[in-house]
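Taking it in order: structure first as structure tokens, then the write-up.
The values are calculated or read from the model by the stated rules, or taken from the named source; none is laboratory data. Quantities reported herein were computed from a predicted structural model and do not represent experimental measurements. Positions of Cβ are generated from backbone atoms using ideal geometry, with glycine treated the same way; all protein chains shown enter the neighbour counts.
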Amino acid sequence: MVARGLPETLSKGHPMRETTGKAGSPAFWRPQLGSIAVSILTALYLLALTNRSFWSKGWLYLDGRPTTFFSIAIGIACLYIALCVAVSLKYVMKPIFILLILASAAGAWFMDRYGVIIDMEMIRNAAETNSAEAGHLITPGFVLHMLVYGVLPTALLLWVRVRHHTFFWKLRANLAVILPALVIALVAGLSHARVYAATVRAHHDWFETLNPIVPLATAVQFAAGQSADRNVVAGPLGTDARVSDGPVTGRKPRLMVVVAGETARAANFSLGGYGRETNPELKTKDIFYFGDTTSCGTATAVSLPCMFSVYTRADYSHRRGLETENLLDVLAHAGIAVEWWDNNTGSKKIAARVRERSLVEGGNPRDCSGGECRDQVLLDALDAWIGSVKADTVLVLHQIGSHGPSYWLRYPEAFRRFRPDCRSAEFSDCTREEIVNAYDNTIAYTDHILAGVIDRLQKAEESLDVSMLYMSDHGESLGEFGLYLHGAPYMIAPGEQTHVPFVLWLGKDAKAAYSGACLDAETAKPQSHDTLFHTVLGMMRVETRVRDPALDLLSACRRGAVS
């Protein structure tokens, strides 16, 4: 019997032309598939077309053993099928699959193109960026990739008409797929369990690229943590702090400029032996360069708060950093004026209780466009401010430095010393040589900025006791091991991302307080971000129970002082 007003084939559930409310007027043809078939197709699509990094790493780490590789491939495919079938409920199935497809397409782009791993700290770094910085990653190539691997399959999914059955029929049918899939996955995993376990232990990055399950699970974990973080209040630290030689009476006020670098790697500093001359100005200054310094993290959202915290890298965590006041707070407790000037994406709450000033807003059009400025704005602001300093002061300058992938935006035309330089945020448009040239230009420009800070401090030496300390927050990969940018999990991060430049300059009064030979000896020793907190306190003559002389790298070199 045919339902009135409908073609016979459609009333029986076969794929046919649908109609609008107006009898007989054709709408558009939509294929019709069962929910289990759509779930299996979605699972296989995710695994086959958005997991290139996972499969390539697996083939490499399993030494190209076909049986072992295909066994785990079958096991993971069965797990994906079981998961997709499990959520194939009417009204929620398509939204969930669309989320998986779009997230997987985006994750595949960054993992396959840059070699990044989307872990907790990478997600935190992305969440704390600004629109200008994020915009450099939205390249034409990314848009095309998302259209092909995200929008097109999503459109196909929306086009397909999914057949659903009654609850108990669906439950039986779904379990008939899910249970055998889980059994096959278990057998596949156990068949080479010792090999898989050993491989995962040796290569922690392998399963962290399983897309989109691991990135989405990490994102959910991050979101849950963010909710809890909003209620955290920083506990007091170093409230006993005081300046050992008292108020500024009978001596010059101390002015220390701490430059927090961005994405500068030590490997490309000629001060440390790099073959190219990337530090022509700093090498003419009377500086101390610590050539073996390691960072606390591989991304700004981790390294920057850790640098200014009382905790060492081994003890630091994001939550502990939020729960405890930092170096700037201790300096303020001692009565020292503290300011943070930012030419990046903010202080990551480090300057939450002191004066924080964004130099991007209202910056000179000569150096600013699109919501970003070159670091010249730091020098311009220093020119207008330094004459007003009358008390002990610590000024933090947060650079944009060498932040990628748009390296060419970080330096003016006059600093295009290494050519041809990559002029695109899409690395596939450039050779590796062009990418390195652009990056080296950013280092040369940072050299110019640091030398400019020193020049300005030197001019103020008659009225101020001046010094400068520069540390980069983390390094950068430029194609080594197939990696670009930064943010790799620390335990597997290459040295290019964790080995950072560290420069110290002392004005004539500050230098007189230390043994030059002793400081020269210190430059040859391994250093790390762990020393920043305690070294700055020592240089500003701040006494407090939380300062550890063993982590003040200048403590042993101070003339006539008890550490």
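Hey, among Arg242, Arg201, Arg265, which residue is at pLDDT 95 or above and under 30 Å from Gly58 (Cβ atoms)?
Details: Arg242 fails: under 30 Å from Gly58 (Cβ atoms); Arg201 fails: at pLDDT 95 or above.
Answer to the check: Arg265.
If the requirement is being of a type in the set (Val, Ile, Thr), touching a residue at least 40 places away in the same chain (Cβ under 8 Å), in contact with a Cys (Cβ under 7 Å, 6 or more places away or on another chain) and more than 21 Å from Ala451 (Cα to Cα), which of these qualifies: Val302, Val248?
Working: Val248 fails: in contact with a Cys (Cβ under 7 Å, 6 or more places away or on another chain).
The unique qualifying residue is Val302.
Within segment 517-529, is there a residue that is surrounded by 23 or more Cβ atoms within 10 Å (Cβ to Cβ) and in contact (Cβ under 8 Å) with a residue 24 or more places away in the chain?
Yes - at least one qualifying residue is present in segment 517-529.
Among the residues of segment 268-284, is any at pLDDT 95 or above, of a type in the set (Val, Ile, Thr) and touching a Gly at 6+ places or on another chain (Cβ under 9 Å)?
Within segment 268-284, not a single residue is at pLDDT 95 or above, of a type in the set (Val, Ile, Thr) and touching a Gly at 6+ places or on another chain (Cβ under 9 Å).
Give segment 188-206 a look and list any residue that's in contact (Cβ under 8 Å) with a residue 24 or more places away in the chain and of a type outside the set (Gly, Ala, Ser), or say none. Reasoning before the result, please.
First, pick out the residues of segment 188-206 that are in contact (Cβ under 8 Å) with a residue 24 or more places away in the chain: 188-189, 191-192, 195-196, 199, 202-206.
His192, Val195, Tyr196, Thr199, His203, His204, Asp205, Trp206 - these are the residues of segment 188-206 that are in contact (Cβ under 8 Å) with a residue 24 or more places away in the chain and of a type outside the set (Gly, Ala, Ser).
With the requirement that a residue be crowded, with 18+ Cβ neighbours inside 10 Å and charged (D, E, K, R), what does segment 535-557 give you?
Result: Arg541, Arg547, Asp552.
Name every residue in segment 107-118 that is assigned to a loop (DSSP other than H, G, I, E, B) and on the phi < 0 side of the Ramachandran plot, in order of residue number.
From segment 107-118, those assigned to a loop (DSSP other than H, G, I, E, B) are 115-118; that's our starting set.
Listed by number, the residues that qualify are Val116, Ile117, Ile118.
From the list Ile449, Ile454, Ile443, exactly one residue is modelled with pLDDT of 95 or more, outside the structural domain of Asp119 (by TED's automatic domain parsing), of a type in the set (Val, Ile, Thr) and within 23 Å of Gly297 (Cα to Cα). Which is it?
Ile443
Here is a yes/no grid of residues against (1) crowded, with 21+ Cβ neighbours inside 10 Å; (2) touching a residue at least 40 places away in the same chain (Cβ under 8 Å); (3) under 29 Å from Gly141 (Cα atoms):
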{"position": "Lys348", "(1), (2), (3)": "yes, yes, no"}
{"position": "Leu378", "(1), (2), (3)": "yes, yes, no"}
{"position": "Gly401", "(1), (2), (3)": "yes, yes, yes"}
{"position": "Gly404", "(1), (2), (3)": "yes, yes, yes"}
{"position": "Pro412", "(1), (2), (3)": "no, yes, yes"}
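Mind listing whichever residues of segment 316-358 are part of a loop (DSSP other than H, G, I, E, B) and of a type in the set (A, V, I, L, M)?
Selection gives Ala334, Ile336, Ile350, Ala351, Ala352, Val354.
Could we say that Ala173 is more than 37 Å from the chain's Cα centre (by Cα), part of a helix (DSSP H, G or I) and either at pLDDT below 95 or surrounded by 12 or more Cβ atoms within 10 Å (Cβ to Cβ) (or both) here?
yes
Given the conditions (1) under 22 Å from Gly452 (Cβ atoms); (2) among the acidic types (Asp, Glu); (3) surrounded by fewer than 19 Cβ atoms within 10 Å (Cβ to Cβ), and given that Asp240 satisfies all but one, which numbered condition is not satisfied?
Only one criterion in (1) under 22 Å from Gly452 (Cβ atoms); (2) among the acidic types (Asp, Glu); (3) surrounded by fewer than 19 Cβ atoms within 10 Å (Cβ to Cβ) is unmet by Asp240, namely (1).
Let's see how each residue does on (1) small (Gly, Ala, Ser); (2) over 27 Å from the mean Cα position of the chain (by Cα); (3) within 30 Å of Ala438 (Cα to Cα):
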| residue | (1), (2), (3) |
| --- | --- |
| Val243 | no, yes, no |
| Pro253 | no, yes, no |
| Arg265 | no, no, yes |
| Ser295 | yes, no, yes |
| His318 | no, no, no |
| Leu322 | no, no, no |
